[in-house]
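The values are calculated or read from the model by the stated rules, or taken from the named source; none is laboratory data. Predicted model only: the values in this text are computed from it and were never measured. In this analysis, Cβ positions are derived from the backbone assuming ideal geometry, glycine residues included, and neighbour counts consider all displayed protein chains. Accessible surface areas use protein heavy atoms only, side chains included; no ligands, DNA or RNA. Shrake-Rupley method; radii C 1.70, N 1.55, O 1.52, S 1.80 Å.
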Amino acid sequence: SLVSPGPAPPHGVKGEWSAADSPLHVDLRPSERRGEALPAPKYPPRTPLARLPAVFDGAAMGAQVQWLADPAREGRGLGSEGLEASAQYVAAAFRAAGLKPVAAAADLDGYFQDFSFTPAGAQKPISARNVIGVLPGANPAFANEAVVVSAHYDHLGRNGPGVRVGEIGQIHPGADDNASGVAVLLELARTLVAGGAPPRTLVFVAFSAEESGLQGSKYFVAHPLPV
């Protein structure tokens, strides 16, 4: 409420006043309970007129995280069977989503970008592979442009970089680092493919050897693939 001392501002008084003396105000509580807070009204539950479908499939992402972080994956450490199985898993998901491989090859091999690197102090190079799927763009004006959507799918395994001395030999599942990121990557691929061709090409990449110094992403940038 505002009170002005004259026909024009400035206002002289500003504040809030009780409406207890208003003829529109009626207290229906018994006299012995007046002054107490009114109980919150309770209404019967109502069914919504419509339920919109979820944009993302939470159950599917949860299942993907569980699969990638399962002890059978051995923490997805470099050189492990669990990491190779995870690469195959991601490639199969890319294909199921409708992403195109980056190369013509039998089975899932067209989704892989193989590379190798020699870690500091190692005697021989280690092999790894990025997993890549492409959603081609529809606008010719952006033919030479692409957006990269990525996550890394490797983790520490049993004795990867940064593992504490007392934890060497233990499996590091890597649910949040980065099975959860891979699950989001796969779900984005599924939903974006379902939405039709975007203006620009989208390149989905699951990088490997991230825990060893971003080796997968460094190789990808240094060796771009025709998409």
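Annotations for the structure displayed:
- Signed unit charges on C-beta, dipole axis of the range 29-174, positive-most listed residue G160, Q123, A96: A96
- Residue by residue, the range 158-171 carries 3J(HN,Hα) couplings of 9, 8, x, x, x, 5, 5, 4, x, 10, 4, x, 7, 6 Hz when phi is fed to the Karplus relation 6.51 cos²θ - 1.76 cosθ + 1.60 (θ = phi - 60°); x denotes Gly or Pro.
- Environment charge at G216 (Cβ cut-off 12 Å; Lys +1, Arg +1, Asp -1, Glu -1): -2
- Seen from L83, the other residues with C-beta closer than 12 Å to its C-beta sum to a net charge of -2, counting Lys and Arg as +1 and Asp and Glu as -1.
- Apolar share of the accessible surface for the range 167-206: 59 percent from carbon plus sulfur atoms, 1.4 Å probe.
- Amide proton proximity set for L202, modelled H, under 5 Å, gap of 5+: L135, G137, V147
- ³J(HN,Hα) computed for each position of the range 205-218 - Karplus, 6.51 cos²θ - 1.76 cosθ + 1.60, integer Hz, glycine/proline x: 10, 9, 7, 10, 6, 5, 5, 9, x, 6, 5, x, 5, 5
- Spacing of the two label points (7 Å from each Cα toward its C-beta) at Y43 and A92, in nm: 4.9
- The range 103-117 - phi-based ³J(HN,Hα) in whole Hz, Karplus 6.51/-1.76/1.60, Gly and Pro as x: 8, 7, 7, 6, 6, 9, 4, x, 8, 9, 10, 7, 7, 9, 8
- For the range 118-227: rounded, prolate or oblate by the Cα gyration tensor [a/c cutoff 1.5]: oblate
- Other-chain or far-sequence residues with amide H under 5 Å of S150's (modelled H): V205
- In the context of the full set of protein chains, residues of the range 135-188 present 52 Å² of accessible surface per residue (probe radius 1.4 Å, heavy atoms only).
- Between the C-alpha center of the range 149-224 and that of the range 35-93 there is a gap of 18 Å.
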